[in-house]
Amino acid sequence: MKIRYLAAAVLGLACVSAAESPKNYSVYAGPDVVSDPILVDVYDRAVMKCSVEAATPPRGTPYTTSYYYNAALRSCLSRHGFTDKGAFAYPANSLF
């Protein structure tokens, strides 16, 4: 049973999209980040804070190319009000 949970966690982290592109993000129930220069500034400040948080071992990893880093960065950006709207943000099968 524990192997299933481990496999699910690895698969979930493997399907995480790149987290720093502002064109893939929007504000919760709002416009895209690139649609407003003020939102781009707020997003850039949030990415600076979140990249430091995602690079520390309790939340993330110093290896910025790993899936664990991307998951920590997306989680932090989500807490700051930015949601990923990319095609590969969440794993889905071919029916969706």
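Hey, does segment 49-58 have a residue that's open to solvent by 40 Å² or more (accessible area, probe 1.4 Å), out of contact with any His (no Cβ under 9 Å at 6 or more places or on another chain), modelled with pLDDT of 85 or more and among the aliphatic types (A, V, I, L, M)? Yes, segment 49-58 has at least one match. Among the conditions (1) open to solvent by less than 100 Å² (accessible area, probe 1.4 Å); (2) modelled with pLDDT under 85; (3) more than 10 Å from the chain's Cα centre (by Cα), F88 misses just one, which is (1). Scanning segment 59-78 for residues that are of a type outside the set (S, T, N, Q) and open to solvent by less than 90 Å² (accessible area, probe 1.4 Å) yields a count of 9.
The values are calculated or read from the model by the stated rules, or taken from the named source; none is laboratory data. What you see is a predicted model, and the numbers here were worked out from it, not measured in a lab. Neighbour counts are summed over all protein chains in view; Cβ atoms, including those assigned to glycine, are modelled from backbone coordinates with ideal geometry. Surface areas here come from the heavy atoms of the whole protein model, side chains and all, with no ligands, DNA or RNA. Shrake-Rupley method; radii C 1.70, N 1.55, O 1.52, S 1.80 Å.
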